[in-house]
Structure formats: C-alpha cells, structure tokens
Amino acid sequence: MGICPRSWVTTGRHHTYDREDKVSRKRKQLEQSLGAIVDAVDELRAVLLHYKKANITMMDRVARGEPVIASLEHVDAPSLRPELTDALDAFAGTRHAARLALLAVALEDGSSISEVGRALSISRQLASRLAAERKR
C-alpha cells in the first residue's frame, strides 16, 4: 500500500480515516464502501493481469504456428472468461454500493441531487433513481 497521511490508519486491506469526533452511520458506511472499492480494484487488477498474460501467451503460441485449440488449452481458456466476468461483476456491484453511499452522505451534508449528479458526472435523473434506491 502507498503512503498514507498520519490521520489514516490501515484496517484489513484498506485505509479508513481515524478520528475521534462523532461520525454518522451513513458516513461510516461510506468509509467502508470506499475501502471495499479499493479492495475490489486490487482484485480486478489481479484478474485483468492474469487475463492479459494468458492472451500474450496465446498470441505467442499462435504466432509460432501452434494450433489454436492447443493454445486455448494451454492457457486454460475455459476458466478465463468466467473469472473475468465474475471480477467485473463484483467490481460493478462494489462501485454501485459506493455510489449509493456517496449519494447518501452528500445528501446528508445538504447537497442537492443535482449537485451530486454533477459531482459524480451522472444525470440528475440517475442521481434521483439512486437516491430512491438508497431509501429502500
């Protein structure tokens, strides 16, 4: 992990802000969600690197004239697609949860749905749908 400001502490695999003031439940959820997204990025990166290496290996073997099926078997191609799909789905779910948590805290801080939409680079309509989803 990188260098963290003194006010940050490491808990588990990610960082959280260590402060003694009272923090809202939503803000604590946001901290957890942001930590989870850091972990999900690490996991997705590892899967993407594995996928990249497998494709480089395939490219080299095909370039040498090896049959495609033999190349696919060598890199265990049947496991690559579901591994990548699962990692992408997990990242998307974690990202969505973090967006919901960001929205909740921003609204708690007094921001409008339009302001949140602009800050997240999403439409006001999507921000409204996320706010409604968060309430459920």
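Values in this text are rule-based calculations from the coordinates and carry no lab data. Quick caveat: nothing in here was measured; it's all calculated off a predicted structure. Backbone-built Cβ (ideal geometry, glycine too); neighbour counts: all protein chains shown.
Would you calculate the volume per residue, in Å³, of the smallest convex hull containing every Cα atom of the stretch 70-136?
Values: hull volume 6.7 nm³, N = 67.
In the stretch 70-136, the Cα convex hull volume per residue is 100 Å³.
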message: Which of R136, R118, R64 has the fewest other C-beta atoms within 10 Å, and how do the rest follow up to the most?
response: R136, R64, R118
- request: Given the peptides 123-134, 27-38, arrange them by the average over their residues of other C-beta atoms within 10 Å, most packed first.
  value: 27-38, 123-134
query: Separation between the D42 and E108 pseudo-spin-labels, each 7 Å from Cα along Cα→Cβ, expressed in nm?
result: 2.5
field: Partner lysines for K28 [C-alpha distance under 27 Å; skip if fewer than 8 residues away on the same chain]
entry: K135
task: Taking every pair of Cα atoms in the stretch 25-135, average 1/r, invert it to obtain the Kirkwood radius, and report Rg/Rh to two decimals.
output: 1.22
